[in-house]
Amino acid sequence: MSEEKVTCIIVGAGVAGSAAAITLAKAGIEVLVLERGEVPGCKNLFGGVLYTTILDKLVPDWMESAPLERYVTRKRFSIMGKDGEIALDFKTKRYESHPKRNFSFTVLRAKFDAWLAEQAEKAGAQVFPGMMVSELIIKNNRVVGVKTEPGGDELYADVVISAEGVHSYLTLQAGLRKSEFDPDHMVTAAKEVIQLDENVLADRFQLEGNEGVAFAYFGDGLFGMFGAGFIYTNKNTLSIGTGVTIGEMIRNKKNPNEILEHFKNHPAIRPYIRGGETIEYSAHMIPEYGYNHLPKLYMDGFLVTGDAAGLVNSSHHQEGTNLAMASGVFAAETVIEAVKRNDFTSNTLKLYLEKLENSFVLKDLKKYRHMTSFFNENPHFLRDYPDLMMELFGDYFELSEKPKEEIEKEIYKKLKRRIPLWTMATDAWKVKKALF
Amino acid sequence: MGLLKTIEEKLGLLKYKFDRESHISIEQESFKQDPTQAILYVCPAKVYTKNEEDGSCIVNYENCVECGTCRIAAPQHVRWFYPKGGMGVNYRQG
């Protein structure tokens, strides 16, 4: 395939790459997708909930053919102490008659991404799995193509879209990010898929029909480190995992599997997985550097999307796939405009950044731009507060013959002794600034 | 099989396509001088172990699940790049 030139090369057949490919192919633009995995999806991993608003526009009949597991009707946020948890639990029948409208579906990425890449092929894109892009070909500060391995072939294009994923070597090579990532900005998640009898699973999580849950955990289940644990229900499996920043793991000398095992053995988690069978183990990095540390997202002949661009909302909303797909669509729309103008320089490609800035993608990233540094600078939040809260709740609910008024006074006194009022007030303000 | 605990057991579930060439290399002198040697414990797939005789790092690249944690933890001595196209780990669930 040497010396060929196409209009657009997309690096990576994850959700960003395939979203871009579908959009371009539908517009009749010649597009080639290069995927390093043996089949699309086989390198890909997330928690998982797929947020489907973008998919709804790309593949209108997705509900009929996409490999969906369950639609999320129950969300739960839990603060874990050493011997228990305090949780906020939200459960709704709001979408019972129209599950599609809640736009939150659990999926398994090896299956889903393979399906999405098929939709790109059906739309007219050429998808080549088993081809790893080793570097960009850059001439006069303009990206003109890519080199692939094995084989060392050179492929040329008017524009290259990187949907390379979290490693983002191409972004680095292009000089759009200057240096290697900060360990405190990168999370490594370890995950297991655990099989359970479908009825047992439905009973344990109070599910009817295709309903599913998204549970998020903070605090002691992660050894009090900066990160989160999760449980998502699939049809007859659970996706369960833990993600902690690499900086935290280095400082606390922890291994991702050790954290996952600690989480699985926590009394709040153990009963959910009892009798289950581990059918897959996996690990993946999540870019959580956020708005303040984004790379530059375009240059002449080049656009960067999805995880490669750091487009992850790592707040309690934990969104990524929808940002990735939106960025893929915006990149493709920008290329469509570039084809019209026959201009693939930054003059036209800067439209991509405008589209991102005018959408939820960069608006949400901007809103949560203080979050990562907040938790890095205030480790006591996840390390000390959960156990204190557990203790105070325990005191409050413990039955005795002490009058309630006395109990309340003691709890208030204990709280003030452990955290001075001034600290509590400034901490509350910091949380508001970081998250709300 | 039930619920698995150790990394070794869990890696046993994975499908890989092995390359004869390693996609990882280590700057041994830099590794030996690193007081933390974090790659020995942050890797989720136990790719890195220490040769107790000479203090060098042994790289079991066949275990690698391609997360990249090692190169973020120790960019000064880990050279990690993707396995060749079609090689490496093959998730069935994801």
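A short reminder: the numbers here are calculations on the coordinates, not readings from a lab. The model shown is predicted, which means the values in this text are computed figures rather than measured ones. We place every Cβ from the backbone using ideal geometry, glycine too, and count neighbours over all the protein chains shown.
How far is it, in nm, from the label point at A:Tyr412 to the one at A:Lys82 when both lie 7 Å from their Cα along the line to the Cβ?
About 2.9 nm separates the two model spin labels.
Return the single residue from A:Met63, A:Met249, A:Met186 with maximal mean-square fluctuation; model: Gaussian network over chain A, springs between Cα atoms under 10 Å.
Maximum fluctuation in the GNM of chain A, among the listed residues, is at A:Met63.
List B:Ile39, A:Ile137 from most exposed to least, where exposure is judged by having the fewest other Cβ atoms within 10 Å.
With the fewest neighbours first, B:Ile39, A:Ile137 line up as A:Ile137, B:Ile39.
For segment A:372-435, what Kirkwood radius comes out of the mean inverse Cα-Cα distance, in Å?
Working: mean 1/r = 0.0754 Å⁻¹.
Evaluated on segment A:372-435, it is 13.3 Å.
Taking the convex hull of the alpha carbon atoms in segment A:82-157, what volume per residue do you get, in Å³?
271
Can you work out the Karplus-derived ³J(HN,Hα) for every residue in segment A:160-174? Use 6.51 cos²θ - 1.76 cosθ + 1.60 with θ = phi - 60°, whole Hz, and x for glycine or proline.
10, 9, 8, 10, 6, x, 4, 4, 6, 5, 5, 4, 5, 4, 6
How large is log10 of I(q)/I(0) for segment A:183-287 at q = 0.12 Å⁻¹ when the intensity is taken from the Debye formula with one equal scatterer per alpha-carbon?
Here the Debye-derived log intensity ratios amount to -0.39.
Based only on Cα atoms, what mean projected area does the convex hull of segment B:19-83 have, in nm²?
Dividing the Cα hull surface by four gives the mean projection, 4.1 nm².
Give me the angle, in degrees from 0 to 90, between the Cα long axis of helix A:321-341 and the longest principal axis of the Cα atoms of chain A, rounded to the nearest 10.
Once rounded, one gets 20 degrees.
Would you mind giving the mean number of other chain beta-carbons within 10 Å of the Cβ of each residue in B:61-71, as a whole number?
Neighbouring Cβ atoms belonging to other protein chains average 6 per residue here.
Between the alpha-carbon centers of segment A:15-34 and segment A:326-357, tell me the distance in whole angstrom.
Cα centroid of segment A:15-34 versus Cα centroid of segment A:326-357: 13 Å apart.
How big is the antiparallel share of DSSP beta bridges in segment A:9-126, given as a percent to the nearest 5? Don't jump to the answer; show the numbers that get you there.
Values: 12 of 16 bridges.
Given both bridge residues lie in segment A:9-126, the antiparallel proportion sits at roughly 75 percent.
Identify, among A:Asn210, A:Tyr272, A:Gly247, the residue whose Cα sits farthest towards the positive end of the charge dipole of segment A:183-287, taking +1 on the Cβ of Lys and Arg and -1 on the Cβ of Asp and Glu, with the dipole about the Cα centre.
A:Gly247
How far is helix A:15-26 tilted, in degrees, relative to the longest principal axis of the Cα atoms in chain A, given as a value from 0 to 90 rounded to the nearest 10?
With rounding to tens, the tilt is 40 degrees.
Taking only Cα atoms and a 10 Å spring cutoff, compute GNM fluctuations for chain A and point out the largest among A:Met131, A:Met424, A:Met299.
A:Met424
I'd like the orientation of helix A:404-418 relative to chain A: the angle between its Cα long axis and the longest Cα principal axis, in ° from 0 to 90, rounded to 10.
That works out to roughly 50 degrees.
At a temperature of 25 °C and a viscosity of 0.890 mPa s, determine how fast segment A:255-322 diffuses translationally according to Stokes-Einstein, using the Kirkwood radius over alpha-carbon pairs as Rh; express D in µm²/s, rounded to the nearest whole number.
Numbers: Rh = 15.2 Å.
The calculation lands on 161 µm²/s.
Over segment A:267-362, how many percent of alpha carbon pairs lie in each 10 Å bin up to the one with the longest distance?
15, 37, 23, 13, 8, 4, 0
For every other residue with a beta carbon closer than 12 angstrom to the beta carbon of A:Pro386, add +1 if it is Lys or Arg and -1 if Asp or Glu, then tell me the sum.
-4
May I have the convex hull volume per residue, in Å³, for the Cα set of the protein assembly as shown?
Residue-normalised Cα hull volume stands at 167 Å³.
Using Cα springs under 10 Å in a Gaussian network model of chain A, which residue among A:Gly219, A:Gly241, A:Gly37 shows the largest mean-square fluctuation?
Maximum fluctuation in the GNM of chain A, among the listed residues, is at A:Gly37.
List B:Tyr82, B:Tyr16 from most exposed to least, where exposure is judged by having the fewest other Cβ atoms within 10 Å.
Ranked by crowding around the Cβ, least crowded first: B:Tyr16, B:Tyr82.
How large is the helix-only mean residue ellipticity at 222 nm for the protein assembly as shown, computed as the sum of -39500 (n - 2.57) over DSSP H runs with n ≥ 4, divided by its residue count, in deg cm²/dmol to the nearest 500?
On the way: 22 runs with 183 residues, N = 530.
Helices in the protein assembly as shown give a 222 nm mean residue ellipticity of -9500 deg cm²/dmol.
List the residues, sorted by chain then number, that are 5 or more residues from A:Val33 or on another chain and whose placed amide H is less than 5 Å from its amide H.
Amide H neighbours of A:Val33, under 5 Å, 5+ apart: A:Ile10, A:Gln126, A:Val127, A:Phe128.
How crowded by other chains is A:133-139, given as the mean number of beta carbons from other chains within 10 Å of each beta carbon?
The per-residue average across the peptide is 1.
Using square roots of five times the C-alpha gyration tensor eigenvalues, list the equivalent-ellipsoid semi-axes of segment A:55-101 in whole Å, biggest first.
32, 13, 8
Taking the Cα-to-Cβ direction at B:Arg20 and at A:His316 and moving 7 Å from each Cα, how far apart do the two end points lie in nm?
For the pair B:Arg20/A:His316, the computed spacing is 5.6 nm.
Please report the antiparallel percentage of the DSSP beta bridges confined to the protein assembly as shown, to the nearest 5. Intermediate results must be reported in sequence, preceding the final value.
Working: 64 of 91 bridges.
Of the beta bridges lying entirely in the protein assembly as shown, close to 70 percent run antiparallel.
By how many nm would the segment from A:Asn347 to A:Met389 grow when fully extended, if each residue of separation counts as 0.36 nm and the alpha-carbon distance is taken off?
9.7 nm is the gain from fully extending A:Asn347 to A:Met389.
For a bin width of 5 Å, list the pair-distance distribution of segment A:318-436 built from all Cα-Cα distances, rounded to whole %.
Per 5 Å bin, starting at 0, the Cα pair percentages come out as 2, 9, 13, 12, 10, 9, 8, 8, 7, 6, 5, 4, 3, 2, 1, 0, 0.
Distance from the Cα centre of segment B:1-39 to that of segment A:133-165, in angstrom?
Comparing the Cα centres of segment B:1-39 and segment A:133-165, I get a distance of 29 Å.
Considering the dipole of segment B:19-83 built from charges on the beta carbon (Lys and Arg +1, Asp and Glu -1) around the Cα centre, which of B:Thr69, B:Val59, B:Val47 is farthest to its positive end?
B:Thr69
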